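Report on the following structure.
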Amino acid sequence: MNLSSRIELQRGYAQTGLQRRLLVLSGERDWCLQQVAQLGLDEHTVWLGKQGPEVVEQLDARQAQRLLGRTISQLVIDSWDGFNPNALGQASGALAGGSLLIVLCPPLSQWPQYDDPEHRTMAVEPYRTNQVGRRFIQRLVRLIELDPFALVVREDGEASQPRAAELYERPVNTAALDHVVSTMDQQRAVQAILHMARNRRQPLVITADRGRGKSAALGMAAAQLLRQGGRVLVTAPQYPATHEVFQFARKLLPDAQTRAGQLSWGKGTLCYLEPEQLLKADAEGCVLFVDEAAAIPAPMLAAMLERFNRIVFATTVHGYEGTGRGFSVRFRHHLDQRTPRWRSINLSQPIRWAANDPLEALVFKALLLDAEAASDVDLLQLDCADVSCEVLDRDQLAVDEALLRQLFGLLVLAHYRTTPGDLRLLLDSPNLRVWCMRKAGQVLACALVADEGPLEPALAEAVWAGSRRPQGHLLPQTLIAQVGFVAAAGLLCARVMRIAVHPVLRRQGLGEALLQAIADDAQLRGLDYVGSSFAATADLMPFWQQCGYQPVRVGLTRDAVSGAHAVLVIHPLSQSGIRLFRELRQRYSELIPHLIYSELAAVERELMPRLLWDIELAVPLNAQDLSDLRGFARHNRALDNTRYALRKLALQLFSSGCVPEDDRYQALLIEQLLAPGIASVQQAGRKWLHQQLRELVTECLFLLEGGGG
C-alpha cells in the first residue's frame, strides 16, 4: 500500500468514527514538506511553524492560544521549528472530529538528538542547547510508537498499521451545524445557568475537558437570557476565548445586532469585557459568565464574586489554560466562605468528537493532562514519620510512568497554573533538580530546584544597566536589576521554583523537612544561599519565615498571573551568603516602611504584618513619640496630630511581633495606622473611631512598657 493510500485510510478511520487521528511524517525536513504538500491543505488548515504554504493559517507556537474557543478541521505541527508542549495542548483541543493531526519530525530514532529550537528557552547560562535533556522527546516517541491508532510514515518506507475505527455513538459536530443541537450535558448546564440567574448569591461552577461544549452552553444560555431582556457580561483571559459563546448566542438569535464583543436582541445585551474592565463596570442587574476561569488570577475571581450577585465560573478540567482541579481546590474554599449555596456541574460528553477519542487519549498521556496526585485514602493510612527526601534520577523518572504521573499530578494540584511546558522543563532543564518525598510508593511532597549563578562580571553589569536579560537566573538577576546589588552576581544559589505537599498531609512538617534537606544539600555543594520568588499571600509567608527564609524584596506591581505582589525570600548558607543577606535585609528594612504607604498601599491587609516582621527600623519610637501617644490615649490630643507617632507605633509592633492578641485591634492597626482610611469613619463616625484607637494605643503602650506606664 502506497503512502497516499495509507493516509487516506487513516483519514477514513477518523471520519467513520468522527475521531481525531495522528499522522506522523518522520524523515528529513525536505521530505516531510514534500509529503505534506500532497495532502490537500487549505485555508481551514492551521500550521504551527514557519514554513507552511501560503494557503494555510500559519501560527507561531506561542500564538497557538489564539485557537482557544475555535474549531478547526486540520492541524499541522512542524517539529523542525520546535516542539512546544503548550502549543500541542492548545491546538489539539480545537481540532474537530474526523480530522487529522499531522506531525512533521526528524526520523523517530534521531528525533531526541535533534537540537530543537525550543531548547533555547531551557539553556540557561552557562549551558548550551546541546546540554539540554532529551527525555521529553524520548518519552513522546515511545508513546507514539506504542499508540495503536497512530499512523507513522517513515522516509525509508516503513509505516505503522493503525487500528481501524471503533464504532461509537456519533456526537454532535458543532462545527458543521447551522442550527443548534445540544447534548444532554449542555441542556443540564443551560438549565443550571438559568436557575442561577433567577437566584441571588448562588454561583455556578461548570467544569469540563476540552471539546465538551461548555462555551457553547454559555452561548445558549445567554440567548435565552437576552430573550428575557437580560444583560449578560462575559469575560475570559482573552477575547477569542469567547468566540463560541457569541457564535451560539448568534445562532439562536439570528436577527440580533452584532459587532465585535457585543450582541443585542431587543432589550437584552451580551457584552465582552476584559477582566480588569469588568471590575469597573456597572454590575447592577447583570449576569456574569467567566470562561476559562482557571486562567484568571484568584484575587480577581474573588473580586468578581463580591461584585456580581449572579455569576457562572466555567473552566477546563485538564488543560493548558490552568487546571480546573487546582482551581477547584483553591476557589472552593472561598466559595464555601462567601457563597455557601454555590453549585457545580461537570460536562463529560464530547461534542466535537466521539467518546474515547484516540488523539485525546494520546495527548493526555503525552502531556500528563490527566495526571493525579496520590489518593487521599492511600495517604491517610500512612505513617509519615521518618520520611526521607531524595533527588530523583531524571533518566529513571522519564520511564517510570507511575511515579512521573503522581509527581506531576501533585504539582498540578498545588500550582494550578502548571502547564505542559513545565513537564518538559522538569525532565530536561540542565540546571534543575527534582526532589521527592515518598513512602510505600506514594509521593507525599516534591520540589523543583534550579541552580543559579554565578554571572560573569560583564554580564552582571549589563543586567544592572538594563541592557541584558539572559535566560534563567531569576534570583541573582532580580537582586542585581531590581535591588541594585551587583555583588549578588558572584554567588551561587538554589532557587526553589515549586514546592508541593499533598493537601491531606499539610501542617505535619513535611514542607519544612523538604526545605531543610534542600538547604543541607545546597550547603554540601558549596552554594551560598537558597531562595525563592513567589506570589506573596498571608498564608504562604508564615511557612517560609518559619523555615528561616526572610523577604529581601517585594515586587512593586501585581503579577499578571497571580494577581499578587511577588516576594523574594532568602536563607543564607555560606559566609558570603550571610553578608549578602544582611545587606539586603538592611536595605529592605529601609525601604519597606515607605513602600507600604505608596506602591504597596493596596497589598492584602493580612499580608502586611508578615512583610514587616523582624525588620530593623531606621527610626524607632523616641520619647516625643511616646509622649504624643500617651496624650492621645489618656487625654484629648487630636488624632491628626498623633498620626506620625501612630504609624511608627504600628511599624514597631509588627517588626517586633509584639501585637495585641485581639483580632479587632490587629485589624485596626493595619487598616487605620499602616494604611489610614475613612471606611470605618463612614461606617460608625469619627467619635467611634477615636474611641477604638484610644483603646488600641492604651493596650499597645501597656505591651511596650512592660505592663504599665
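Taking N as the number of residues in segment 174-347, what value does Rg over Cα atoms divided by 2.2 N^0.38 Å take? Intermediate results must be reported in sequence, preceding the final value.
Values: Rg = 14.6 Å, N = 174, 2.2 N^0.38 = 15.6 Å.
Here the answer is 0.94, to two decimals.
Segment 344-397 and segment 58-80 have Cα centres spaced 26 Å apart. Close amide-amide hydrogen proximity is noted between Phe485 and Ile480, each under 5 Å apart and 5 or more residues distant or on a separate chain (H modeled in the peptide plane; Pro and chain starts excluded).
Between segment 235-277 and segment 1-57, the C-alpha centres lie 34 angstrom from each other. Full extension of the chain between Ala402 and Gln516 yields a length gain of 38.4 nm, computed as 0.36 nm times the residue separation minus the alpha carbon distance.
Here the spin labels are modelled as points 7 Å beyond Cα on the Cα-Cβ line, and at Asp255 and Arg154 they lie 6.4 nm apart. For segment 573-647 versus segment 399-450, the spacing of their alpha-carbon centroids is 40 Å.
Here Lys439 and Ala302 are evaluated by their C-beta separation; at R0 = 30 Å the FRET efficiency comes out at 0.25. For a Förster distance of 56 Å, can you work out the FRET efficiency between the beta-carbons of Leu595 and Gln113, rounded to the nearest 0.05? E(calc), rounded to 0.05, equals 0.65.
Extents of segment 3-154, taken as max minus min of Cα coordinates on every principal axis and listed largest first, are 51, 31, 25 Å. Extents of the chain, taken as max minus min of Cα coordinates on every principal axis and listed largest first, are 98, 67, 54 Å. The slack in the chain from Thr129 to Thr557, taken as 0.36 nm per residue of separation less the alpha-carbon distance, amounts to 150.8 nm. Hey, quick one: spin label on Gln191, modelled 7 Å out along Cα-Cβ, who in segment 243-259 has an amide N within reach, i.e. under 11 Å? None, by backbone N distance to the label point.
Lys/Arg Cβ at +1, Asp/Glu Cβ at -1, dipole of segment 174-347 taken about the Cα centre: which of Asn309, Pro340, Ser215 is farthest positive-ward? In segment 174-347, that residue is Pro340. Within the chain, DSSP assigns beta bridges of which about 45% are antiparallel (rounded to the nearest 5).
Counting only DSSP beta bridges with both residues in segment 174-347, what percent are antiparallel, rounded to the nearest 5? Please report the intermediate quantities before stating the final value.
Numbers: 7 of 30 bridges.
In segment 174-347, DSSP labels about 25 percent of beta bridges as antiparallel.
With the simple model of a label 7 Å out from the Cα in the direction of the Cβ, Arg506 to Thr16 spans 5.0 nm.
When peptides 183-189, 487-493 are ranked by their average number of other Cβ atoms within 10 Å per residue, the highest-first order is 487-493, 183-189.
Cross-link partners for Lys267 among the lysines, with Cα-Cα distance under 24 Å and sequence neighbours closer than 8 places in the same chain left out: Lys251, Lys280.
For segment 376-601, report the translational diffusion coefficient in µm²/s to the nearest whole number, using Stokes-Einstein at 10 °C, 1.306 mPa s, and a Kirkwood Rh over Cα pairs. Walk me through the intermediate numbers first.
Numbers: Rh = 18.5 Å.
This corresponds to a translational diffusion coefficient of 86 µm²/s.
The simple Förster model, with R0 at 56 Å and r as the Cβ-Cβ distance, assigns Ala623 and Gln277 a FRET efficiency of 0.60.
Show me the ranking of peptides 96-109, 298-311, 275-288 by mean Cβ neighbours inside 10 Å, starting with the highest. Don't jump to the answer; show the numbers that get you there.
Working: 96-109: 22.0, 298-311: 19.4, 275-288: 15.1.
The peptides rank, most packed first, as 96-109, 298-311, 275-288.
A short reminder: the numbers here are calculations on the coordinates, not readings from a lab. These figures come from a predicted structure and were not determined experimentally. We place every Cβ from the backbone using ideal geometry, glycine too, and count neighbours over all the protein chains shown.
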